[in-house]
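Student: Quick one: structure below, then a few questions.
The values are calculated or read from the model by the stated rules, or taken from the named source; none is laboratory data. All values derive from a computational prediction rather than experimental measurement. In this analysis, Cβ positions are derived from the backbone assuming ideal geometry, glycine residues included, and neighbour counts consider all displayed protein chains. Accessible surface is based on the protein model in full, side chains and every heavy atom, while ligands, DNA and RNA are left aside. Shrake-Rupley method; radii C 1.70, N 1.55, O 1.52, S 1.80 Å.
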Amino acid sequence: MSKLFVPLDLSPRRALAVWQRNLKVWSRLAIPSLLGNLADPLIYLLGLGLGLGALLPQVQGVSYISFLATGTVAFSTMNAATFEALYSGFARAHQQKTWEAIMNAPLSLDDVLIGEVLWAATKSLFSGSAILLVITVFGLASWQHALMALPLVLLTGLCFAGIGFIATSLAPGYDFFMYWFTLFISPMAMLCGVFFPLEQLPAFIQGAALVLPLGHAIGAIRPLLLHGEVSGLWLHVLVLLSYALCGVAIARVLMRRRLLR
């Protein structure tokens, strides 16, 4: 059997130790980190929502700022998980050699990878929760619906964390991540309904949005925040979970090839 395809060597307790290590490091700079994660989505929300929203009629039966705010929750979650998996994950895995140092203790690569994925998802939950807090304070969603959306925010974070570590395992340097954002993340933000309804787009783009993970994240989170119910919720959950599991599985193989040669 190839050394790349070995049985999973994973202990939840050991993976949690990696998560706790990252949490302790992050807690020293928690406030600047949260403010940084909030900056972009708030600029979109206030700039486009209040500025452009004043010129637009209702969108899908709600004000444009409500429409944009609920899409921004998924958008912010995606960005937070992606940045953590790519830039911070790359630094720990390759630049700082933190992963190698941790594996000198009785921890496996699987423990480290799963701990890192869980941590990236946790950071995205912080970011998504902060946006949910803002939109509830502005009266754009109810507290009850915001609380119901938290599991979907976490699942979205897991999805993009798992996918993100594929890029981290392949990247020769930080510049590589510009391709990831230009070819994958930014097109999703434009095509999956963050800023305008999918119905406005050609049919083939609407079909693409049904395949892309952000489309399913928005498809689950937006109607839940606006109306308290989601049509086809289990399909959205299944797609996001499948992306997360496949992403981690592929990243595991690629990381083993790179770190355990």
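Student: Angle check, please: helix 109-137 long axis (alpha carbons) against the longest principal axis of the chain (alpha carbons), in degrees 0 to 90, nearest 10.
Tutor: It works out to around 20 degrees.
Student: Turning to a different aspect of this structure: Once you have a ≥ b ≥ c as the square roots of the Cα gyration tensor eigenvalues for region 123-215, tell me rounded if a/c is under 1.5, and otherwise prolate or oblate according to whether a/b is larger than b/c.
Tutor: oblate
Student: Just the number, please: carbon plus sulfur as a percent of the accessible area of the chain, 1.4 Å probe, no ligands or DNA/RNA counted.
Tutor: 69
Student: Rounded to whole Hz and in sequence order, give me ³J(HN,Hα) for region 169-178 from the Karplus expression 6.51 cos²θ - 1.76 cosθ + 1.60, θ = phi - 60°, writing x for Gly and Pro.
Tutor: Taking θ as phi minus 60°, the curve returns 6, 9, 5, x, x, 5, 4, 4, 5, 4 Hz for region 169-178.
Student: Give the residue from Leu183, Ile102, Ser27 lying farthest towards the positive end of the charge dipole for the chain; charges sit on Cβ (+1 for Lys and Arg, -1 for Asp and Glu) and the dipole is referred to the Cα centre.
Tutor: Highest projection toward the positive end goes to Ile102.
Student: Sorted by mean Cβ packing within 10 Å, highest first, what order do the peptides 212-222, 142-152, 183-193 take?
Tutor: The peptides rank, most packed first, as 212-222, 183-193, 142-152.
Student: Let me ask you something else. Long-range amide H contacts for Val59: which residues qualify at under 5 Å (H placed 1.01 Å from N, peptide plane, sequence gap of 5 or more or a different chain)?
Tutor: Sorted by chain and number, the residues that satisfy this are Tyr64.
Student: How tilted is helix 30-43 with respect to the longest principal axis of the chain? Cα atoms for both, answer in degrees (0 to 90, nearest 10).
Tutor: On a 0 to 90 degree scale, this one is about 40.
Student: Where nothing but the Cβ of Lys and Arg (+1) and of Asp and Glu (-1) is charged, how large is the charge dipole of the chain around its Cα centre, in debye to the nearest 20?
Tutor: 840
Student: Roughly how many Å² is the accessible area per residue of the chain, as a whole number, for a 1.4 Å probe?
Tutor: Accessible surface, normalised per residue, equals 48 Å².
Student: Sticking with this one: Go ahead and estimate [θ] at 222 nm for the chain from helices alone: -39,500 (n - 2.57) per DSSP H run with n ≥ 4, summed, over the residue count, rounded to 500.
Tutor: The helix-only estimate for the chain comes to -22000 deg cm²/dmol at 222 nm.
Student: Got a sec? What order do His236, His227 fall in by accessible area at 1.4 Å, biggest, i.e. largest, first?
Tutor: His227, His236
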